[in-house]
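For reference, the structure discussed in these notes is given below.
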């Protein structure tokens, strides 16, 4: 009986530790460095809704406008993002959202091009967040109310 309790306690401690590490990775360690110049009152008003943020993001892609894309990101692009933006394939026309999953301060939108896009509410406005492991983990945690 004591062995079973120890094993169960060890498993519980292991998963609690793993969950804590995953939480810090998702919310602290992997967060991009947002730039204050993209969080002015004017831009906060421009991107105060999820639909406005998606519109800015979509317009940036359709027009291949790097400055507008950075505005939608809330930060300058990394060199890797710049390279992908310059050489990437872009939609020929406007995208349409076909499914929306919104949790506390994070949203996942699926477009008619079958692309999934993450947006987060940061500093009083919505920003586009490129999909990565951390964004998926934030959505998972927020799905469970954490």
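The values are calculated or read from the model by the stated rules, or taken from the named source; none is laboratory data. This structure is a prediction, so every number in the text was calculated from the model and none was measured. No Cβ is skipped: glycine too gets one built from the backbone with ideal geometry, and neighbour counts run over all protein chains shown.
To keep it simple, each residue is scored yes or no on (1) part of a strand (DSSP E or B); (2) surrounded by fewer than 17 Cβ atoms within 10 Å (Cβ to Cβ); (3) on the phi < 0 side of the Ramachandran plot; (4) in contact (Cβ under 8 Å) with a residue 40 or more places away in the chain.
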site	(1), (2), (3), (4)
101	yes, yes, yes, no
107	yes, no, yes, yes
110	yes, yes, yes, no
126	yes, no, yes, yes
136	no, yes, yes, no
142	no, no, yes, no
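Screening segment 24-44 for residues that are surrounded by 15 or more Cβ atoms within 10 Å (Cβ to Cβ) and touching a helix residue (DSSP H, G or I) at 6+ places or on another chain (Cβ under 7 Å) and picking the one that is farthest from residue 122 (Cα to Cα) gives 25. Within the option set 93, 116, being surrounded by fewer than 12 Cβ atoms within 10 Å (Cβ to Cβ), on the phi < 0 side of the Ramachandran plot and modelled with pLDDT under 80 holds for one residue only, 93. Just one residue in the set 60, 52 is in contact with a helix residue (DSSP H, G or I) (Cβ under 9 Å, 6 or more places away or on another chain) and either in contact (Cβ under 8 Å) with a residue 24 or more places away in the chain or surrounded by fewer than 19 Cβ atoms within 10 Å (Cβ to Cβ) (or both); that residue is 52. Residue under question is residue 16, and the condition is that it be under 15 Å from the mean Cα position of the chain (by Cα), under 21 Å from residue 136 (Cβ atoms), assigned to a helix (DSSP H, G or I) and outside the structural domain of residue 117 (by TED's automatic domain parsing); does it hold? The answer is no for residue 16.
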